[in-house]
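The values are calculated or read from the model by the stated rules, or taken from the named source; none is laboratory data. In this text, all values refer to a predicted model and were calculated from it rather than measured experimentally. Every residue, glycine as well, gets a Cβ built from its backbone with ideal geometry; the counts of neighbours run over all protein chains shown. Calculation scope for accessible area: heavy atoms of the full protein, side chains included, ligands and nucleic acids excluded. Shrake-Rupley method; radii C 1.70, N 1.55, O 1.52, S 1.80 Å.
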Amino acid sequence: MRIDVITLFPELVEQVIEYGVVGRAAEQDLLELHCWNPRDYTRDRHRTVDDRPYGGGPGMLMKVQPLQDAIAAVRQHSAEARLVYLSPQGQLLNQQKLERQVALGSVIFLCGRYEGIDERLIQREVDEEWSLGDYVISGGELAAMVCIDAMTRLIPGALGHEASARQDSFSDGLLDCPHYTRPQEYLGDRVPGVLMNGNHREIETWREQQALGRTWQRRPDLLESIELDARQRALLDEYIAEFEKTRKR
Ligand code: 4FN
């Protein structure tokens, strides 16, 4: 899979292939990352990449011509790729959107800086707008790096066998169950007994029930987009009944 990134900070974005899962995927040529700096497409002596907003006001915008030329240059290599602008106006990103994009193949990420880019450029060039969440950040680069990490994990062969199995369990759309490691007793708190008894069927059921219950308690919005089977429904009902009981005491 090829990912192109248009950014004023290519050295920042390229860091993402220096470490961990993404690093190994790049080494194995499962991921090909290319950065394009609009500054390399400027035509003035000062290599200007920002410009003033019409209508006045504080802040600058990204200058149109260098961006336009950088986009044209990427398009020569990735003609068919989707161009995604990372911006707070975008659709909130989730695992499903990332899965779809990986299935489609190559993508070009456009990273904003300053106050963003000219609206006409968005209309002409941008296929999709994605947002990581509702907070102010300084540029789209960290958002692009999150997308690159999350997408790489979905490339077949990028994860080892064990991590791949874990990934599959994430894609059921539920939150994770709680996890425990040594010591068995930490500041007087003991590890749940079920995890110590070696009965793997029972452990699996407990974990699934915890995942369902915690999703119900902390992210009920996630449950609405999942179809629970009868067994899961029963496990969740039992969790809820137990919760209501201990709440009254
Ligand atoms: N951010 C908000 C409202 C208005 C502006 C911002 C903001 C970087 C170029 C965009 C932000 C958030 C999630 C990219 C935020 C994202 C960005 C993202 C982003 C510089 C202009 C800017 C109401 C969300 C707080 C700066 C809300 N996911 N402007 O952050 O690029 O991808």
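Volume per residue for segment 193-243 equals 79 cubic angstrom (convex hull of Cα atoms). Heavy-atom accessible surface of the chain, averaged per residue, reaches 63 Å², computed with a 1.4 Å probe. For the chain, the longest principal axis of the C-alpha atoms and the axis of helix 64-77 are separated by about 70°. Note the angle between two axes, namely the Cα long axis of helix 141-152 and the longest principal axis of the Cα atoms of the chain, as a number of degrees from 0 to 90, rounded to the nearest 10. Roughly 50 degrees between the two axes. Model label points for Tyr54 and Gln15, set 7 angstrom from Cα along the Cα-to-Cβ axis, are 3.7 nm apart. Scanning residues 5 or more positions from Asp50 or on other chains, those with amide H under 5 Å from its amide H are Lys63, with H placed 1.01 Å from N in the peptide plane. Amide H neighbours of Arg82 under 5 Å, counting only residues 5+ apart in sequence or on other chains, H built in-plane at 1.01 Å? When sequence neighbours closer than 5 places are left aside, the close amide H contacts are Ile108. Within the straight-line cut-off of under 22 Å between alpha carbons, none of the lysines are reachable from Lys63, sequence neighbours fewer than 8 places apart in one chain being disregarded. Counted over all Cα-Cα pairs of segment 37-141, pairs farther apart than 16 Å make up 61 percent. Were the residues from Leu228 through Leu30 laid out at 0.36 nm apart, the gain over their Cα-Cα distance would be 67.8 nm. Across segment 71-181, the relative contact order, built from alpha-carbon pairs under 8 Å that are at least six residues apart, equals 32 percent.
Taking 0.36 nm per residue of separation and subtracting the Cα-Cα distance, full extension of the segment from Gln95 to Ala79 would add 3.2 nm.
Exposed loop sites, defined as GluC sites (Glu not before Pro) outside DSSP H, G, I, E and B with at most 12 other Cβ atoms within 10 Å, are absent from the longest region of the chain, namely 81-226.
Taking amide H as placed 1.01 Å from N in the peptide plane, the amide H of Asp118 sits under 5 Å from that of Met62, each at least 5 places away or on another chain.
In the chain, the longest principal axis of the Cα atoms and the axis of helix 200-218 are about 60 degrees apart. The distance separating the Cα centre of segment 34-91 from that of segment 191-231 comes to 46 Å. Calculate, in whole percent, how much of the Cα-Cα pair population of segment 142-249 lies beyond 16 Å. Above the 16 Å cut-off, segment 142-249 has 70 percent of its Cα pairs. Across segment 3-8, computed HN-Hα scalar couplings (Karplus, 6.51 cos²θ - 1.76 cosθ + 1.60, θ = phi - 60°) run 10, 10, 10, 9, 7, 7 Hz from first to last residue, x flagging Gly and Pro. Our coupling estimate for segment 26-32, obtained by passing each phi through the Karplus curve with A = 6.51, B = -1.76, C = 1.60 and θ = phi - 60°, is 5, 4, 7, 6, 7, 10, 10 Hz, Gly and Pro reported as x.
Dividing the summed -39500 (n - 2.57) terms of all DSSP H runs of n ≥ 4 by the residue count of the chain sets its mean residue ellipticity at 222 nm at -13000 deg cm²/dmol. Evaluated with a Cβ-only charge set (Lys, Arg +1; Asp, Glu -1), segment 1-116 carries a dipole of roughly 360 debye about its Cα centre, given to the nearest 20. With the simple spin-label model, which puts each label point 7 Å out from Cα in the Cβ direction, the Arg43 to Gln167 separation comes to 4.4 nm. Scaled against the 2.2 N^0.38 Å expected of a compact globular protein of N residues, the Cα radius of gyration of the chain reads 1.29. Its Cα centre serving as origin, the chain has a Cβ charge dipole (Lys and Arg +1, Asp and Glu -1) of approximately 440 debye. Surface composition of the chain: carbon and sulfur atoms hold 48% of the protein heavy-atom accessible area at a 1.4 Å probe. For segment 120-127, in order, what is each residue's ³J(HN,Hα) by Karplus, 6.51 cos²θ - 1.76 cosθ + 1.60 with θ = phi - 60°, in whole Hz (x at glycine and Pro)? Per-residue couplings from phi come out as 5, 5, 4, 5, 7, 10, 8, 8 Hz.
The orientation-averaged projection of the convex hull spanning the C-alpha atoms of segment 127-169 amounts to 4.4 square nanometres.
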